[in-house]
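Written below as structure tokens is the structure these notes are about.
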Ligand SMILES: Cc1ncc(COP(=O)(O)OP(=O)(O)O)c(N)n1
Ligand SMILES: Cc1ncsc1CCOP(=O)(O)O
Ligand SMILES: [Mg+2]
């Protein structure tokens with residue numbers, strides 16, 4: 001393998017023929033400037049190419065790896081919490097290249113917007129042409145469009161240089177309440193951009209403005225707004241309910257013209273929310289650029305924002321009421337001094353589906369069909385527990401399931417087998433008390449993978465936390481036929497472990513539609529969901545059972561929150 005280097009303007013770019021895109025990104029973002037031949041002057045771009053042969057550098061694109069590319073057309077935020085700067089960071093965090101067309105420069109901080117200088121529309125047109133005529137842009141994402149002239153220029157540019165998808169974030173008001181785009185732009189959105197958008201992502205105020213001032217106060221209002229906005233032409237609508245009064249969750253409504261999806265995530269108690277709208281839309285654009293379909297892209301984006309907000313809730317930047325959050329959390333392995341891992345979202349434990357090869361054989365279905373049905377029914381995480389499979393078959397099945405899970409934004413864990421998890425790049429593993437110890441699994445898997453540990457006692461739960469696990473599975477709560485000689489701990493045992501555990505808990509063992517609500521209603525905040533095997537996979541229709549369980553769990557969670 002040989003290196004070639006080239007010098008031009010101000011960033012480090014690395015490529016490796018055939019290297020996966022995440023690898024390329026991590027090289028680009030992590031490489032320290034240690035090479036003495038590399039002058040660190042900011043005027044100098046270092047262009048490094050790792051090549052498998054020693055042929056001279058070539059501009060033949062067929063030989064190079066295409067990386068997913070988002071172009072953001074938006075305003076600059078000097079405080080770097082929102083706008084172009086947020087878009088760049090969100091795309092980088094999602095492993096996607098991001099180019100920029102700047103429509104306005106704002107003087108802005110955590111207190112508010114002190115000034116706006118709009119970029120002349122012919123110069124916006126020039127930037128658009130520079131990028132779209134040369135670079136292979138997959139997805140365009142729009143943010144602040146401060147004049148109708150700029151909207152015209154953009155829609156003209158998109159006609160001339162079509163892209164695979166258009167994400168429209170109809171930015172009108174900043175987090176601080178300052179107006180960034182006046183009412184004249186509304187007509188531009190309605191007549192020019194919404195009809196060609198693949199998705200539009202208004203918050204409540206923006207949705208209301210686009211609909212002529214209609215009041216939006218409930219989830220039902222959000223659904224009817226999504227429908228009315230969809231009638232204006234976009235293929236999909238995401239109405240963001242972050243400002244919904246009296247809502248304990250962050251509820252968004254996604255409408256694809258056929259089905260409504262109520263997307264809930266934990267409302268993070270934080271003042272560091274500046275730039276969440278821009279970042280969410282950029283993340284959707286990034287996932288689309290990677291080839292995802294729309295609903296999974298939206299789910300992944302929502303999860304990313306939730307995780308980033310949670311990670312950043314205590315950071316202090318600026319003195320104003322709305323601080324920025326840290327987009328690049330994934331580059332940091334551990335939070336503060338604890339071993340809590342940042343890529344894991346405890347709410348993924350909500351409906352935890354654990355497969356069983358014997359049950360799939362009994363019902364004559366493939367593991368992939370079983371996993372797909374569970375996800376379609378609302379499973380939020382999948383564990384492959386294939387006790388009878390040969391290693392090679394297990395690995396093949398795991399690779400196929402990984403594709404399904406990832407296209408739906410659902411994490412995939414492997415039971416017991418760290419080697420299989422590593423080989424298929426699963427999101428993590430679940431280990432028991434007599435399996436590979438969690439601290440060894442952590443060393444083998446690194447900080448970014450999810451590790452769950454089975455625990456029946458507070459002492460085991462404490463050890464799991466020390467070992468760097470992300471969650472614990474506690475059970476059997478009820479007697480089960482799925483696991484032989486398994487001690488039943490009952491609801492009391494579950495509660496004792498939950499209370500003692502510093503980690504989120506999922507309950508397992510004999511749980512199904514008849515008793516899931518009794519489990520969730522033990523009323524301990526770190527009990528995040530139930531893990532089920534036979535109640536899903538030893539049934540005629542996995543999809544129906546998953547939907548039923550999901551509805552039961554949702555209801556008992558809502559009930560708990562109102563108490
Ligand atoms: C979520 C979850 N909790 C507990 C278990 C049981 O794991 P373990 O004790 O290792 O037993 P086996 O599943 O390996 O038989 C689990 N798999 N998942
Ligand atoms: C793997 C495991 N660990 C504790 S109980 C159990 C089996 C759960 O299966 P089911 O949901 O069919 O009771
Ligand atoms: Mg095990």
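Close contacts from the stretch 411-435, counting a first residue that is not assigned by TED's automatic domain parsing to the domain that holds residue 475 and a second that is within 7 Å of ligand 1 (Cβ to nearest atom) and part of a helix (DSSP H, G or I), with Cβ to Cβ under 7 Å and a gap of 6+ residues or different chains, come to none at all.
From the list 125, 92, 107, the lone residue that is in the same structural domain as residue 76 (by TED's automatic domain parsing) and within 23 Å of residue 305 (Cα to Cα) is 92.
Condition check ((1) within 13 Å of ligand 3 (Cβ to nearest atom); (2) outside the structural domain of residue 534 (by TED's automatic domain parsing); (3) in contact with a strand residue (DSSP E or B) (Cβ under 8 Å, 6 or more places away or on another chain)) across all residues:
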| residue | (1), (2), (3) |
| --- | --- |
| 454 | yes, no, yes |
| 457 | no, no, no |
| 461 | no, no, yes |
| 464 | no, no, yes |
| 477 | no, no, yes |
| 483 | yes, no, no |
| 491 | no, no, no |
| 496 | no, no, no |
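Filtered by the rule that a residue be within 16 Å of ligand 1 (Cβ to nearest atom) and either within 24 Å of the chain's Cα centre (by Cα) or surrounded by fewer than 18 Cβ atoms within 10 Å (Cβ to Cβ) (or both), the stretch 390-417 gives 391, 398, 401, 405, 410, 411, 412, 413, 414, 415. When the stretch 442-470 is filtered for residues that are touching a helix residue (DSSP H, G or I) at 6+ places or on another chain (Cβ under 6 Å) and within 19 Å of residue 386 (Cα to Cα), the ones remaining, listed by number, are 451, 453.
One line per residue, one yes/no per condition, for (1) modelled with pLDDT of 95 or more; (2) in contact with a strand residue (DSSP E or B) (Cβ under 8 Å, 6 or more places away or on another chain); (3) crowded, with 23+ Cβ neighbours inside 10 Å:
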| site | (1), (2), (3) |
| --- | --- |
| 169 | yes, yes, yes |
| 181 | no, no, yes |
| 187 | no, no, no |
| 204 | no, yes, no |
| 208 | no, no, no |
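Being outside any loop (DSSP other than H, G, I, E, B) and more than 29 Å from the chain's Cα centre (by Cα): is that true of residue 528 here? So residue 528 does not fit the description; no. Screening the stretch 398-422 for residues that are in contact with a helix residue (DSSP H, G or I) (Cβ under 9 Å, 6 or more places away or on another chain) and farther than 28 Å from residue 302 by Cα and picking the one that is nearest to ligand 3 (Cβ to nearest atom) gives 417.
Can you find even one residue in the stretch 538-550 that is part of a strand (DSSP E or B) and under 24 Å from residue 384 (Cβ atoms)? No - not one qualifying residue is present in the stretch 538-550. Only a single item in (1) closer than 18 Å to residue 379 by Cα; (2) without any contact (Cβ under 8 Å) to a residue 40 or more places away in the chain is not met by residue 525, and it is number (1). When the stretch 383-399 is filtered for residues that are farther than 14 Å from residue 366 by Cβ, within 16 Å of ligand 2 (Cβ to nearest atom) and modelled with pLDDT under 95, the ones remaining, listed by number, are 387, 388. Considering only residues of the stretch 239-264 that are touching a residue at least 40 places away in the same chain (Cβ under 8 Å) and under 18 Å from residue 202 (Cβ atoms), which is surrounded by the most Cβ atoms within 10 Å (Cβ to Cβ)? By that ranking, first place goes to 240.
Of the listed requirements (1) within 14 Å of residue 501 (Cβ to Cβ); (2) away from ligand 3 (no atom under 16 Å from the Cβ); (3) in contact with a strand residue (DSSP E or B) (Cβ under 8 Å, 6 or more places away or on another chain), residue 427 misses just one: (1).
So which residues in the stretch 109-139 are touching a residue at least 60 places away in the same chain (Cβ under 8 Å) and closer than 30 Å to residue 68 by Cα, if there are any at all? Hits for the stretch 109-139 are 131, 132, 135, 136, 137, 138, 139.
Among the residues examined, residue 426 does not qualify as at pLDDT 95 or above, farther than 22 Å from residue 471 by Cβ and away from ligand 1 (no atom under 12 Å from the Cβ). Scanning the stretch 255-268 for residues that are more than 24 Å from residue 528 (Cα to Cα) and touching a strand residue (DSSP E or B) at 6+ places or on another chain (Cβ under 8 Å) gives 255, 256, 257, 260.
Can you spot a residue in the stretch 527-548 that is more than 16 Å from ligand 3 (Cβ to nearest atom), under 18 Å from residue 465 (Cβ atoms) and in the same structural domain as residue 468 (by TED's automatic domain parsing)? Yes: the stretch 527-548 contains one or more residues that are more than 16 Å from ligand 3 (Cβ to nearest atom), under 18 Å from residue 465 (Cβ atoms) and in the same structural domain as residue 468 (by TED's automatic domain parsing). Within the stretch 353-365, the only residue that satisfies the criterion of being more than 15 Å from ligand 3 (Cβ to nearest atom) and touching a strand residue (DSSP E or B) at 6+ places or on another chain (Cβ under 9 Å) is 353. Looking at residue 358, is it assigned to a loop (DSSP other than H, G, I, E, B) and either at pLDDT 90 or above or surrounded by 20 or more Cβ atoms within 10 Å (Cβ to Cβ) (or both)? No: the conditions fail for residue 358.
One line per residue, one yes/no per condition, for (1) modelled with pLDDT of 95 or more; (2) away from ligand 2 (no atom under 16 Å from the Cβ):
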| residue | (1), (2) |
| --- | --- |
| 440 | no, yes |
| 449 | no, yes |
| 456 | yes, no |
| 460 | yes, no |
| 464 | no, no |
| 467 | no, yes |
| 479 | yes, no |
| 498 | yes, no |
| 506 | yes, no |
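For the stretch 103-115, a residue qualifies if it is surrounded by fewer than 18 Cβ atoms within 10 Å (Cβ to Cβ) and in a strand (DSSP E or B), and the qualifying residues are 105, 107, 114, 115.
The values are calculated or read from the model by the stated rules, or taken from the named source; none is laboratory data. Just so we're clear, the structure is a prediction, and the values are computed from it rather than from any experiment. FYI the Cβ positions are ideal-geometry reconstructions off the backbone, even for glycines, and counts take in every protein chain you see.
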